[in-house]
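Asker: Handing you a structure now.
Quick note: the coordinates plus some simple rules give every number you see, no bench work behind them. On a predicted model such as this, the values are computed, not experimentally measured, just so you know. When we count neighbours, we look across all protein chains shown, and the Cβ atoms used for this are built from the backbone with ideal geometry, even at glycine.
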Amino acid sequence: MTSVESLQAALAPLEPWLGGALEAKQIWRTTVVFVVFNVLYQVTALVSARFSTTYKTNNAHRHNRPQSISHDEKVHWNAMVLSFVHSVTVSCLCSSLVLFPDESIEIDRAYGRSERAMLAFSISCGFFLYDTKNCFKSTGPQWPYIFHHVACFFCYNFVQYPFLQYYAVRFLLFELSTPFMNIRSLMLLLGRKGTPLFQAIERSFALSFLIVRILMGVPLSLFAFYDAYVLYESGKQHSTPVMAYFCFANAGLNALNLFWMSTMVQKWAAKSE
């Protein structure tokens, strides 16, 4: 029995919840992505140490930032680079699914299956699994991030059943705002706060966050909740616990997005006074 078959056998009791996520192809994809991101983390650290004076010498004197880059900041630096890679990859895959949709998930928003979507979900599962592990590299475990990554890992496993893939593809487009956040974080570590480029990136992050996570994300979530409610009322849902988890996790993410957006607005208001 291969390692994949052993894992499938061990997780067999969860098949009514996970469905397609237990297919050998999906397990291999997720595993490969997990390994690739761990390798890329090491490559990023080596390349950064080779080409970035700030990273290599633990020194960031420019632009009034006298503090040295600590171990935790290096972990954050590497994590931001790989988060950028993940967000660009899945944003491209999911954008193609929105622009050139698979008929199966357009016709059946509850249980339609798209092979392209399955690829995107396995990539995100592998990434969130890696990112959860990466959170323990810091001096102290980053519990808020760990909870977020674990919640996302389960969400994008559950949708592989298949379940609500039409909406899951669009929720992954929240990642469109992430590259700007990653660049902003790296510029802060480099002491580039206050530069024209930093200000442009910060505005781009805020605008993309508003568009994809609030103006698109909140109405889309309401449609997903409605479709889930209709499915529940029909009694045809494959798993009530999975449906409840998906709805609660999505509601929690929307609450966080609204909180972060309100924080940005408060900062803008304070600057304008």
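Asker: Select from the stretch 172-248 those trypsin sites (Lys or Arg not before Pro) which occupy a DSSP coil region and have at most 13 other Cβ atoms within 10 Å, ordered by residue number.
Answerer: Within the stretch 172-248, the qualifying trypsin sites (Lys or Arg not before Pro) (loop, at most 13 other Cβ atoms within 10 Å) are Lys236.
Asker: For Arg203 paired with Glu5, estimate the spin-label separation in nm (one decimal), with each label point 7 Å from Cα along the Cα-to-Cβ line.
Answerer: Each label point is offset 7 Å from its Cα along the Cβ direction, giving 6.0 nm.
Asker: Okay, next question. Among the complete DSSP H segments of the chain, which ones combine at least 27 Å of alpha-carbon extent along their axis with a mean Kyte-Doolittle hydropathy of 0.5 or more?
Answerer: Sorted by number, the helices that extend far enough and score high enough are 24-51, 71-99, 240-272.
Asker: Once you sort the root eigenvalues of the Cα gyration tensor of the stretch 133-223 as a ≥ b ≥ c, which label holds: rounded (a/c under 1.5), prolate (a/b larger than b/c) or oblate (the other case)?
Answerer: Since a/c reaches 1.5 but b/c is at least a/b, the shape of the stretch 133-223 is classed as oblate.
Asker: Using only DSSP helix segments of four residues or longer, with each worth -39500 (n - 2.57), what per-residue ellipticity at 222 nm results for the chain after dividing by its residue count and rounding to 500?
Answerer: Rounded to the nearest 500, the figure is -24000 deg cm²/dmol.
Asker: Could I ask something else about it? Between Val98 and Val32, what length comes free when the chain is fully extended (0.36 nm per residue of separation minus the Cα-Cα distance, one decimal in nm)?
Answerer: Stretched out fully, the Val98 to Val32 stretch lengthens by 21.2 nm.
Asker: Then there is this: Could you compute the net charge surrounding Ala21? Neighbours are other residues with a C-beta less than 13 Å from the C-beta of Ala21; K and R count +1, D and E count -1.
Answerer: +1
Asker: A further question follows. Can you tell me how the chain classifies by the Cα gyration tensor, rounded, prolate or oblate, using a/c under 1.5 as the rounded cut?
Answerer: oblate
Asker: Need the C-alpha centroid separation for the stretch 207-258 versus the stretch 135-171, integer Å.
Answerer: Cα centres, the stretch 207-258 to the stretch 135-171: 14 Å.
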